[in-house]
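Peer 1: Encoded as structure tokens, here's the structure I'll be asking about.
All of the numbers you see were taken from the coordinates with simple rules; none came from a lab. Only a predicted model underlies this, so the values are computations on that prediction, with no experimental measurement involved. Glycine also receives a Cβ, built like all others from the backbone with ideal geometry; neighbour counts cover every protein chain displayed.
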Amino acid sequence: MYKEAFPKDSETNTSYSSLEDMIVLENVSMVFNIANEQLNNLKEYFIKLVRRELFFKEFLALKNISLTVKKGDVMGIVGVNGSGKSTLLKIIAGVLEPSSGTCTTKGIIAPLIELGAGFDFELSARENIYLNGSLLGYSREFINQHFDEIVEFSEVGEFLDLPMKNYSSGMVARIAFSIATVIVPDVLIVDETLAVGDMFFQEKCEARIKELIESNETTVLFVSHDIVQVERICKKAIWIDHGEEKMQGTTLEVCEAYRLSHGN
Amino acid sequence: MALTANTSLKKDLFILRQLISKDFKLKYRRSVLGIIWSVLNPLLMMLVINAVFSFIFRFDIVNFPVYLILGLTLFNLMANSTSAAVTSIIGAASLIKKIRVNKLLFPIETVLFELVNYGLSLIAVAAVMIFWANPTIVPTLNLLFLPLLLVYMVIFCTGLSLLLSSLAVFFRDVIHLWNVVIIAWTYVTPLFYPIDLLAPWMKAIMQFNPMYHFVTYLREIALWGNNPGLMENLICLGMALLTFAVGLLVFKRTERKFILYV
């Protein structure tokens, strides 16, 4: 049903076969140029340019990552802060373009990278549902159809027409999560978003993600610092350290090794 | 292939509509007169400038209030849309960093939003033409050229907006610089004074000012009831397309790096 409601990108493919590759990363590297000094000024820039003093320090955020995620897989990504997990997710979500290597994805991607991106807090929740929905690629008819469903799941009913700046961060997260998961996406990217909202809503989110997983329609990429949660939800995992792949395999193996490396 | 391109366009159009309606709601939220300001603003501005130029500097222009408001509103369409567009990419930073979205939409949205505002200010223009004109202006069929002029304007403003919004990502100086450029441009465009006042060499240079052509085009069709002619149409279209091409080229070549600088 969502297929016609959700416009596909030109690269996407609508034919499904079992165990199809949903995400294929080949030798993906990401290099950031860190300027030695901040140059936000035309004059400075041209002086440096003329003097040939424009030096950049290169920072490799990801080094030759290759990864294949098949349809229905639930892949956890673990690693310490700054290891490149979010960069990887952003490349898969199509927000960042890799410096080298290729990243191919299929189908609809629902990025739960940072909940509430694209909300305007001066607007009411009702208005934001349409705004955010349009940014996620939903059509007007689709939002109209599922509007009640979104509101019901987020449980913010009575505050629906209040400007969102008056909302608590938990309520914002509820709405964002509800909008993003109202479809059955082909790929769901979850980046520590479950750490917001109260306990009950966290459980509800996890239940919804489980539901999506069990439908076997959705491929899930899951990033969390909560190793127990990764073990509970994921089937496979990849461990990234300083931008390099340290290990790839079943969740149990990877999480075990990850734990050992940190001495507990 | 054609089908998928179509749906992607549909998606972008829906985003555009949402962004424009958002801007509209926010612009007039908590103001008593609300949307009436879009009409009142050009009217009041015209009154102020009209007062200045009727008492202090006097030009021999028939129907000066009409002459003034036609030029002012059209110039403001360009000035407002480009001034807003300069920061459109920077302002959408949180979105660009998190969601895959066609970045072209942001500068385009500012232009279309101002176009809607311009549409509303036409009410003020019409009011001045009906109640202020002495001698009375009889609208001619040439007024039907207005949509065509607006197409030129939108192409032109979009081109400028694409250029400015992408440059501003890398050099924030552009934001400040553009304010000054707009002020200078206001004075080098014959908005308050007649072109005949200028020395011949100035008139020659004026030919390179796109806003001069657009404003004159509008006065020809709305005030003087003349047919703009093929040549003038070609000049306006040419300037618009050239600006658009440059803007689009710069934008497309730099948009991949936006996320690293916003």
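Peer 1: Mean Kyte-Doolittle of at least 0.0 plus a Cα span of 15 Å or more along the axis: flag which DSSP H helices in chain B meet both, please. Don't jump to the answer; show the numbers that get you there.
Peer 2: On the way: long enough: B:2-28 (39 Å, -0.05); B:36-55 (29 Å, 1.84); B:64-86 (32 Å, 1.37); B:105-131 (39 Å, 1.84); B:146-170 (36 Å, 2.27); B:173-188 (22 Å, 1.37); B:210-222 (18 Å, 0.22); B:229-254 (38 Å, 1.42).
Helix filter hits for chain B: B:36-55, B:64-86, B:105-131, B:146-170, B:173-188, B:210-222, B:229-254.
Peer 1: Using the 10 angstrom Cβ neighbour count as an exposure proxy, how do B:F24, A:F121 rank, fewest first? Before the final figure, lay out each step's value.
Peer 2: On the way: B:F24 15, A:F121 12.
Listed from fewest to most nearby Cβ atoms, that is A:F121, B:F24.
Peer 1: Still on this structure, please answer the following. For the range B:154-262, what's the relative contact order in percent, using C-alpha pairs closer than 8 Å and at least 6 residues apart?
Peer 2: Working: 71 pairs, mean separation 59.1, N = 109.
Once normalised by length, the contact order is 54 percent.
Peer 1: Please give the average number of partner chain Cβ atoms lying within 10 Å of the Cβ of each residue in B:92-102, rounded to a whole number.
Peer 2: 6
Peer 1: For the range B:2-261, build the charge dipole from Cβ charges (+1 Lys, Arg; -1 Asp, Glu) around the Cα centre, then report which of B:L105, B:Y193, B:L160 sits farthest towards its positive end.
Peer 2: After comparing all options, I get B:L105.
Peer 1: Which of the three applies to the range B:1-70, rounded, prolate or oblate, going by the alpha-carbon gyration tensor with a ≥ b ≥ c and a/c under 1.5 meaning rounded? If you can, show how the numbers build up before the last one.
Peer 2: Numbers: a/c = 6.31, a/b = 2.20, b/c = 2.87.
Here the range B:1-70 falls in the oblate category.
Peer 1: In Å³ and rounded to a whole number, note down the convex hull volume per residue for the Cα atoms of the range B:1-154.
Peer 2: Enclosed volume per residue, from the Cα hull, is 148 Å³.
Peer 1: OK, next. Among B:L70, B:L167, B:L47, whose mean-square fluctuation peaks in a Gaussian network model of chain B (Cα, cutoff 10 Å)?
Peer 2: B:L47
Peer 1: Per residue, how big is the convex hull of the range B:131-192 when only Cα atoms are used? Give it in Å³. List each step's numbers first, then the result.
Peer 2: Values: hull volume 7.7 nm³, N = 62.
It comes to 125 Å³ per residue, whole-number rounded.
Peer 1: Could the peptides B:146-154, B:106-114 be put in order, highest first, of the mean number of other beta-carbon atoms found within 10 Å of their residues?
Peer 2: Averaged packing, sorted descending, gives the order B:106-114, B:146-154.
Peer 1: Using a cut-off of 13 Å between beta-carbons, work out the net charge of the residues near B:W37 (Lys and Arg +1, Asp and Glu -1, B:W37 not included). Could the numbers behind the result be given before it?
Peer 2: Details: positive: B:K27, B:R29, B:R30; negative: none.
Net charge in that neighbourhood comes out at +3.
Peer 1: Something else: Averaged across A:128-136, how many Cβ atoms of other chains sit within 10 Å of each residue's Cβ atom?
Peer 2: Per-residue shielding by partner chains comes out at 5.
Peer 1: Based on the Kirkwood radius over alpha-carbon pairs, what is the Stokes-Einstein translational diffusion coefficient of the range B:87-216 at 25 °C with 0.890 mPa s viscosity, in µm²/s?
Peer 2: The diffusion coefficient I find is 140 µm²/s.
Peer 1: Averaged over peptide A:96-106, how many Cβ atoms belonging to another chain are found within 10 Å of each residue's Cβ?
Peer 2: For peptide A:96-106, the averaged partner shielding equals 1.
Peer 1: Give the Rg (one decimal place) followed by the Dmax (whole number) of the range B:2-261, computed from C-alpha coordinates and expressed in Å.
Peer 2: For the range B:2-261, the Cα-based Rg and Dmax read 19.3, 62 Å.
Peer 1: From the P(r) of the range A:129-264, can you give the percent of Cα pairs sitting at distances over 22 Å?
Peer 2: For the range A:129-264, the fraction of Cα-Cα distances above 22 Å is 46 percent.
Peer 1: Tell me the relative contact order for chain A as a rounded percent, counting alpha carbon contacts under 8 Å between residues six or more apart.
Peer 2: 26
Peer 1: Another one. Using Cβ counts within 10 Å as a stand-in for footprinting exposure, how do A:Y138, B:Y212 rank, fewest first?
Peer 2: Fewest-to-most ranking of A:Y138, B:Y212: B:Y212, A:Y138.
Peer 1: Which of A:P185, A:P98, A:P163 ends up with the largest GNM mean-square fluctuation for chain A, with Cα atoms connected below 10 Å?
Peer 2: Comparing A:P185, A:P98, A:P163 in the GNM, the peak value goes to A:P163.
Peer 1: Here is a further query. For the range B:2-261, calculate the relative contact order in percent as a whole number, restricting contacts to Cα pairs under 8 Å that are 6 or more residues apart.
Peer 2: The normalised contact order for the range B:2-261 reaches 26 percent.
Peer 1: Additional query: Along each principal axis of its Cα atoms, how long is the range A:78-185 end to end? Whole angstroms, biggest number first, please.
Peer 2: The Cα atoms of the range A:78-185 stretch 48, 31, 22 Å along their principal axes.
Peer 1: Roughly speaking, what % of Cα-Cα pairs in chain A are separated by over 22 Å, rounded to a whole number? Could the numbers behind the result be given before it?
Peer 2: Values: 20906 of 34716 pairs.
Here the long-distance tail beyond 22 Å is 60 percent of all Cα pairs in chain A.
Peer 1: Using bins 20 angstrom wide from zero, how does P(r) for the protein assembly as shown break down, in % of all Cα pairs?
Peer 2: Result returned by the calculation: 19, 45, 27, 8, 0.
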